[in-house]
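The values are calculated or read from the model by the stated rules, or taken from the named source; none is laboratory data. What you are looking at is a predicted structure, and each value in this text was computed from that prediction instead of being measured. Neighbour counts run over all protein chains shown; Cβ positions are idealised from the backbone, glycine included. What goes into the accessible areas is simple: the full protein's heavy atoms, side chains included, and nothing from ligands, DNA or RNA. Shrake-Rupley method; radii C 1.70, N 1.55, O 1.52, S 1.80 Å.
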Amino acid sequence: MFVSTMISPSHYIFVSSLARELLRRGHHLTELVIRPPASPHPNRTSFVIEDKNYIEVLDFNLEETSSYSLFDEIYFLYEYCEQTTNDTLRSKAFLDLMKHIRQKKPKFDVFVLDYPLQETFIGINHEIGRKPMVAMTAFNMPEDVLRLMGSPYFPSLLPYAGVGAHGGEPLTFYERAESLVRWLAYRAYIDWKYRPWVNQLLAEHFPGSPPLEELEKDVAISLVNTNPALHGPVPLVPSIVEVGGMQAQPARPLPADILDWVNEKAAPHGFVFMSFGTNVRSASINKGRRDAILRAFGRIKQRVLWKYEEDDILDKLPANVRVVKWAPQNDILGQPNIRCFVSHNGGLSTQEASYHGVPILGIPFFADQIHYAKKTVRIGVGRTLTYTNITEENFYEALNDVVNNPRYRENMLRVRRALRDQKETPVERAAWYVEMAARTAGAPHLRSPALRLRWYEIWMLDILAAFLAALAALGLALRLLVRAACAPRGSTPTRRAAKDKTH
């Protein structure tokens with residue numbers, strides 16, 4: 001059973017790579033997903049969410065999202081999550097899947113769920129008999145997953161909702177303080193508002209389901225979208241498996257019209273590719289900033305290929321710029337003639353650029369994009385610009401620097417070598433762990449003992465309390481002993497008074 005209901009198409013790109021690998025290995029797949037598979041497969045039964053909210057184009061207010069405060073960010077993220085969860089629960093695809101499960105009672109060996117922000121759908125595992133579960137995520141390494149698997153989380157080592165350190169370089173004082181504040185703010189919202197809301201939905205839509213805390217005990221493996229080469233090393237329990245860049249792969253041949261624009265003969269100075277991924281539309285950017293970017297593009301020697309979704313720009317294009325409404329990003333990034341990737345610094349986009357060794361000019365808008373942009377600058381594989389501050393001059397200066405300064409490509413090639421130096425591909429590793437969870441009835445040998453401890457036992461606060469109590473008792477006993485020892489021997493106040501009267 002395979003469930004991926006995150007509205008983000010990039011999440012589907014990530015998780016569908018695992019679905020294809022499982023099918024290639026001969027497994028049967030029943031899935032609830034947001035997009036139909038690219039091609040039919042006899043072993044695949046798909047329930048596709050086709051309701052309006054899932055097929056309409058997302059159009060965020062980029063002027064707002066790029067300048068969100070911490071609390072704006074939390075509200076935006078979880079409002080988005082709650083809306084998409086409710087949309088899914090009302091969708092025909094979900095209702096048809098529940099009918100299929102309850103009437104036909106198909107047998108499953110393992111339950112795979114794109115988990116963080118879609119926790120409600122763990123209830124499907126209750127419907128199929130609580131099979132061993134694999135929780136996966138296209139987010140980096142959410143603290144929720146570490147907690148879920150009983151793995152330690154230290155905000156001093158891994159920035160909350162961020163990207164880890166590089167080469168053992170520690171976080172600064174300010175970064176550690178920011179990480180601590182973000183962690184506390186998110187945990188307060190998640191524990192006091194979000195998880196109680198999930199439990200309400202479980203009770204409403206999955207009759208007889210135990211609470212979230214009980215269902216989470218079925219999680220055997222978590223697949224996280226990280227790789228130490230890009231995200232930095234963090235301490236993990238073995239049930240958390242890093243499969244970062246699972247969707248990245250060697251470039252396939254480009255469509256002829258795109259290849260004719262970017263090949264070495266047509267673009268002797270190379271080309272620049274600009275795309276804001278699947279969640280941010282280039283056509284939504286402020287028209288003044290869009291025109292400033294176009295003027296800057298017109299000043300460089302390279303050709304430009306820009307993923308832009310509307311036709312309102314066609315009469316403004318410089319001679320060296322071409323726009324397309326759709327672009328095979330991974331295959332374009334794999335072209336030897338590419339010089340720079342102008343990106344929103346989304347997780348998958350940054351990973352694919354790293355996989356192919358392409359330096360980045362980042363323009364982040366929200367969520368993990370901001371953290372990947374910081375990492376890009378920190379490890380010297382690109383530059384970043386604040387969206388609301390873009391001008392023709394600062395865009396041209398940054399782009400020209402990334403295109404012509406060899407240090408960015410050299411640093412990115414070092415990341416690429418480390419990223420590719422693995423004994424198997426990330427998707428092969430992911431599929432093996434899914435199979436292992438099924439073979440071993442939930443991989444109990446990988447289960448962290450932290451999952452059977454209360455939070456104060458994990459931090460040994462009970463031992464500290466016992467130690468302090470013993471210390472206090474010892475101190476009190478010593479005090480009483482000293483007082484007793486200091487009292488005059490063979491004399492009491494009554495006897496002294498009687499003695500005084502005789503004199």
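Remarks
- For the range 360-476, diffusion coefficient by Stokes-Einstein and Kirkwood Rh (Cα), 20 °C, 1.002 mPa s, µm²/s: 108
- Cα-based shape type of the range 212-254, given that a ≥ b ≥ c are square roots of the gyration tensor eigenvalues and the cut on a/c is 1.5: oblate
- Amide H contacts of Val342 (H built 1.01 Å from N, in plane; Pro and chain starts excluded): Phe273, Met274, Ser275, Leu361 sit under 5 Å, all sequence-distant by 5 or more or on other chains.
- Placing unit charges on the Cβ atoms of the charged side chains and taking the dipole of the chain about its Cα centre, the candidate lying farthest along the positive direction among Ala373, Ile390, Val434 is Val434.
- For the chain, calculated [θ]222 nm from helices alone, where every DSSP H run of n ≥ 4 adds -39500 (n - 2.57): -13500 deg cm²/dmol
- Net lengthening on full extension, Arg35/Ala487 (0.36 nm per residue, minus Cα-Cα): 154.1 nm
- Per residue solvent-accessible surface (Å²) - the chain, probe of 1.4 Å: 48
- Per DSSP, loop trypsin sites (Lys or Arg not before Pro) in the range 244-292 with at most 12 further Cβ within 10 Å: Lys265
- With Cα atoms, 0 to 90° folded angle of helix 70-90 axis to the chain main axis: 70
- Placed amide H near Val3: partners under 5 Å, 5+ positions off or other chain: Leu32, Val112, Leu113, Asp114
- Carbon plus sulfur fraction of accessible area for the range 1-40, probe 1.4 Å, in percent: 55
- Between 0 and 90°, nearest 10: helix 92-104 axis offset from the chain longest Cα axis: 70
- The count of lysine pairs in the range 1-159 that are at least 8 places apart or cross chains, and whose C-alpha atoms lie under 26 Å apart, stands at 11.
- Between 0 and 90°, nearest 10: helix 287-297 axis offset from the chain longest Cα axis: 70
- Sites matching GluC sites (Glu not before Pro) across the range 406-441 that sit in DSSP coil, with at most 15 neighbouring C-beta atoms within 10 Å: Glu424
- Within the accessible surface of the range 145-262, defined with a 1.4 Å probe on protein heavy atoms only, the carbon and sulfur portion equals 64 percent.
- 3J(HN,Hα) along the range 259-274: 4, 5, 8, 10, 5, 5, 5, 6, 10, x, 9, x, 9, 10, 10, 10 Hz, from the Karplus curve 6.51 cos²θ - 1.76 cosθ + 1.60 with θ = phi - 60°, whole Hz, x for Gly and Pro.
- Per-residue ³J(HN,Hα) for the range 431-441, Karplus 6.51 cos²θ - 1.76 cosθ + 1.60, θ = phi - 60°, Hz, x for Gly and Pro: 5, 4, 5, 5, 5, 5, 4, 6, 5, 9, 6
- The peptide list 1-11, 327-337, 23-33, put in order of mean Cβ contacts within 10 Å with the highest first, becomes 1-11, 327-337, 23-33.
- On a per residue basis, the convex hull of the C-alpha atoms belonging to the chain measures out at 217 Å³.
- Cross-link pairs Lys287/Lys316; Lys287/Lys325; Lys193/Lys375 - those with Cα-Cα distance over 20 Å: Lys193/Lys375
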